[in-house]
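The values are calculated or read from the model by the stated rules, or taken from the named source; none is laboratory data. These figures come from a predicted structure and were not determined experimentally. Ideal geometry is used to build each Cβ from the backbone, glycine not excepted, and the neighbour counts take in all protein chains shown.
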Amino acid sequence: MTGVLGRLRDSLRKRGFWRTLTLIPRNILFFLTDFDRKYGTNTGMQAEDDTGLPQEHEGYEGAPPRLFHRIMHSLDIAYGRYTFIDLGSGKGRVLLLAAHYPFRRIIGVEYNARLNDIATENARLYQHPERKVAKIETVCGDAGAYEPPAGDLLIYLFNPFRAAIMERVLSNLENAMRTEPREVLVVYQNPTQRKLLDAAPFLEPVTYHEYRTKRFRKMPIGRVAVYRSRT
């Protein structure tokens, strides 16, 4: 309660009474719908999350649940065929959301050991009535050197790294497909390195979509490119 009163005083001082008053409903809505508050997890962004990350890595950000589910529903796939792999999985929010779908396996690969430990704990804590996959696997390691398991794959990327690592990821994935031909889907949210996937000879673009809401029609809340392995 002391913290809430302190933030209220700060807002009154900075924004004035009427501006602070207009923000109260928004803050109540945020409090009632906050992912971590609802499920007892720790998937939010914090200042120390990016400490020690190499320059080639992008900062951690938890995926918006509604957007993730819109993306998954748009794929129109038999989820049970695929192993879901989140490269750059951070604290694991995407892994938790993926557990709502009956994937064959769910795996997160994260370079930062601290974030990976948090993701492991989140997977243990997360209780949701629609969770369909009990076991979530977390791997602490280099996404560019990760050897994916056998079978069809759904690779999820939420802008986790820059070109140098993306090139290694694509090369590694191409080698894995050459060793064992299989279907691979790549879902790339906020695709800043999209040109590298467009140029990959073993992938073909399926869709590119800018997701919007009724409230923010002019500003996309998410840009998503989907690719499929060439047959």
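Any residue at all in segment 203-220 that's closer than 15 Å to Leu87 by Cα, among the polar types (S, T, N, Q) and modelled with pLDDT of 95 or more? No, segment 203-220 contains no residue that is closer than 15 Å to Leu87 by Cα, among the polar types (S, T, N, Q) and modelled with pLDDT of 95 or more. Of the residues making up segment 80-110, those that are touching a strand residue (DSSP E or B) at 6+ places or on another chain (Cβ under 8 Å) and surrounded by fewer than 19 Cβ atoms within 10 Å (Cβ to Cβ) number 2.
Within segment 175-212, work out how many residues are closer than 21 Å to Arg105 by Cβ and surrounded by 14 or more Cβ atoms within 10 Å (Cβ to Cβ).
10
Of everything listed in (1) of a type outside the set (A, V, I, L, M, F, W, C); (2) surrounded by 17 or more Cβ atoms within 10 Å (Cβ to Cβ); (3) at positive phi, the single unmet condition for Gly151 is (2).
Checked against (1) under 23 Å from Glu61 (Cβ atoms); (2) surrounded by fewer than 17 Cβ atoms within 10 Å (Cβ to Cβ), Gln127 passes all but a single condition, namely (1). For Pro201, the conditions (1) touching a residue at least 12 places away in the same chain (Cβ under 8 Å); (2) closer than 21 Å to Ala78 by Cα; (3) outside any helix (DSSP H, G or I) are fulfilled apart from (2).
Checking Ala176, Ala134, Ala145 one by one, the residue that is out of contact with any Phe, Trp or Tyr (no Cβ under 8 Å at 6 or more places or on another chain), over 30 Å from Pro201 (Cβ atoms) and among the small types (Gly, Ala, Ser) is Ala134 and no other. Just give me the residues in segment 86-125 being among the β-branched types (Val, Ile, Thr) and farther than 18 Å from Gly40 by Cα, in sequence order. The answer is Ile106, Ile107, Val109. Based on this model, can you work out whether Leu170 counts as of a type in the set (A, V, I, L, M), in contact with a helix residue (DSSP H, G or I) (Cβ under 7 Å, 6 or more places away or on another chain) and either assigned to a loop (DSSP other than H, G, I, E, B) or more than 27 Å from Leu96 (Cα to Cα) (or both)? No: the conditions fail for Leu170. When each of Val206, Val187 is tested for being outside any helix (DSSP H, G or I) and either under 17 Å from Arg93 (Cβ atoms) or outside the structural domain of Gly80 (by TED's automatic domain parsing) (or both), the lone residue that passes is Val187.
Touching a residue at least 60 places away in the same chain (Cβ under 8 Å) and closer than 21 Å to Leu75 by Cα - does that describe any residue in segment 161-181? Checked against the condition, which is being touching a residue at least 60 places away in the same chain (Cβ under 8 Å) and closer than 21 Å to Leu75 by Cα, segment 161-181 yields no hits at all.
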